[in-house]
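The values are calculated or read from the model by the stated rules, or taken from the named source; none is laboratory data. Source: prediction; values computed, not measured. Here the Cβ is made from the backbone with ideal geometry for all residues, glycine too, and neighbour counts use every protein chain on show.
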Amino acid sequence: MTRDGIKALFAGIKIWRRGDERAPHKPLLLLLALGRVQKAVRWLPYEDVQNELGRLLLEFGPPRPTKVIDPFLRLAKDKLWTFSSDIELPFRHSLLLQEEVAGGFIEPVYSCLLQDPALVTELAEGLLHDHFPASLHEDILQAVGLNLALAEKTPRDPGFRQRVLLAYEYSCAVCGFNVRLGHNPVALDAAHIKWHQSGGPDVESNGLALCSLHHKLFDRGAFALCYSDGDYIVKVAQQAHGTTGFAEWLLAYHDQAIRKPQSPHYDPAPTYTEWHWREVFREPSRYSLGRDLGL
């Protein structure tokens, strides 16, 4: 099988769709399988997939119940995935475990990937770029055991960062961090509220100026925003906890309003903050000590 043929198979993977809900199940499984290819391992036992893909979905998937068996079985319909023994779909979870079924790339795909490390890198970068924000890429690579140097991706709108940082006067909307090196802001990002990968546009109302730490926490769902009485309030997830730094850099901002942008035209739009709450935030939120937010 040729490189172009394999790239076409990856590009043609069918992803479950319902509105703007996230469904990164197949991409995460493919990244997990590519990590195994780098170790010259073709087969992933379903029992291992159940544990490892389950963990990946808890960390990087949407905050709702999911079934690991679905991507494991349905990926075969995309013509690049097969099983270690003959099975007839649908196949039950208990039988997959009982018969020790494993999944992996079809032999021509696996052989080509094994001989072409650059293609493994290219495919992994494509999956990350198409389904996850850049702030999560290194975390995902580490979690799936992939070792590669990420290529820089050109943003869809190079002016987005400048417009968002200007809207928030070059300070983090959560903590106010605004360190500069000469004339250039350092460790300050323009974060998308609704991810590009889910159709979020490059407009100020879909952006927040966040320091690198709060950007990562926001994209991991450690906190979200809730509108109340003219302000957007930081709500910290109950799942978030820690010792050093947790109280100072996260819990201290729970129930606090973010800094307002220069113009109300740049205020976060509810359609984007509600998407982030539904698709990224690790709800429920911690108890509200201040105003009643109706949560």
(request) Determine if the stretch 123-130 includes at least one residue that is more than 24 Å from residue 280 (Cβ to Cβ) and either surrounded by 17 or more Cβ atoms within 10 Å (Cβ to Cβ) or modelled with pLDDT of 95 or more (or both). (result) yes
(request) May I ask you to say which residue of 273, 244 is in the same structural domain as residue 205 (by TED's automatic domain parsing), at pLDDT 95 or above and not basic (Lys, Arg)? (result) 273
(message) So in the stretch 241-255, with the set limited to residues that are more than 22 Å from the chain's Cα centre (by Cα), part of a loop (DSSP other than H, G, I, E, B) and touching a residue at least 24 places away in the same chain (Cβ under 8 Å), which one is nearest to residue 230 (Cα to Cα)?
(response) 255
(request) Please tell me if residue 240 is exposed (fewer than 15 other Cβ atoms within 10 Å of the Cβ), within 16 Å of residue 285 (Cβ to Cβ) and not hydroxyl-bearing (Ser, Thr, Tyr). (result) no
(message) Looking at the stretch 18-35, can you tell me whether even one residue there is within 18 Å of the chain's Cα centre (by Cα) and surrounded by fewer than 13 Cβ atoms within 10 Å (Cβ to Cβ)?
(response) yes
(message) I'd like the residue in the stretch 260-269 that is under 25 Å from the mean Cα position of the chain (by Cα) and closer than 22 Å to residue 222 by Cα and, out of all such residues, is surrounded by the most Cβ atoms within 10 Å (Cβ to Cβ).
(response) 268
(message) Given the condition among the small types (Gly, Ala, Ser), at pLDDT 95 or above and not in a helix (DSSP H, G or I), answer yes or no: does some residue in the stretch 230-239 qualify?
(response) yes
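Within the stretch 46-67, can one find any residue that is closer than 22 Å to residue 131 by Cα, β-branched (Val, Ile, Thr) and surrounded by fewer than 20 Cβ atoms within 10 Å (Cβ to Cβ)? Reasoning before the result, please.
Keep residues of the stretch 46-67 that are closer than 22 Å to residue 131 by Cα, which gives 49-67.
Narrowing the set further to residues that are β-branched (Val, Ile, Thr) leaves 49, 66.
Pick out the ones that are also surrounded by fewer than 20 Cβ atoms within 10 Å (Cβ to Cβ) and you get 66.
Yes - at least one qualifying residue is present in the stretch 46-67.
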(request) May I ask you to list pairs of residues, at least six apart or on different chains, whose Cβ atoms are under 7 Å apart, with the first in the stretch 49-64 being closer than 22 Å to residue 197 by Cβ and the second being surrounded by fewer than 21 Cβ atoms within 10 Å (Cβ to Cβ) and not aliphatic (A, V, I, L, M)? (result) 57/66; 62/21; 62/279; 63/282; 63/283
(message) Tally up the residues in the stretch 101-119 that are in a helix (DSSP H, G or I) and of a type in the set (Gly, Ala, Ser), please.
(response) 2
(message) Considering only residues that are touching a helix residue (DSSP H, G or I) at 6+ places or on another chain (Cβ under 8 Å) and of a type in the set (Gly, Ala, Ser), which ones fall in the stretch 174-196?
(response) 187, 190, 191
(message) Of everything in the stretch 222-234, what is out of contact with any helix residue (DSSP H, G or I) (no Cβ under 8 Å at 6 or more places or on another chain) and touching a residue at least 60 places away in the same chain (Cβ under 8 Å)? Give them in sequence order.
(response) 222, 228, 229, 233
(message) What's the total number of residues in the stretch 88-112 that are surrounded by 13 or more Cβ atoms within 10 Å (Cβ to Cβ) and within 19 Å of residue 52 (Cβ to Cβ)?
(response) 9
(message) Considering only residues that are surrounded by fewer than 23 Cβ atoms within 10 Å (Cβ to Cβ) and closer than 20 Å to residue 60 by Cβ, which ones fall in the stretch 196-218?
(response) 196, 197, 198, 199, 200, 212, 213, 216, 217
(request) Count, please, the residues in the stretch 157-180 that happen to be assigned to a loop (DSSP other than H, G, I, E, B) and without any contact (Cβ under 8 Å) to a residue 24 or more places away in the chain. (result) 3
(request) Report whether or not residue 225 is under 24 Å from residue 131 (Cβ atoms), more than 17 Å from the chain's Cα centre (by Cα) and of a type in the set (A, V, I, L, M). (result) yes
(message) Looking only at residues that are touching a residue at least 40 places away in the same chain (Cβ under 8 Å) and surrounded by fewer than 18 Cβ atoms within 10 Å (Cβ to Cβ) in the stretch 75-86, which one is farthest from residue 23 (Cα to Cα)?
(response) 84
(request) Scan the stretch 1-16 for residues that are among the hydrophobic types (A, V, I, L, M, F, W, C) and not in a helix (DSSP H, G or I) and report the count. (result) 4
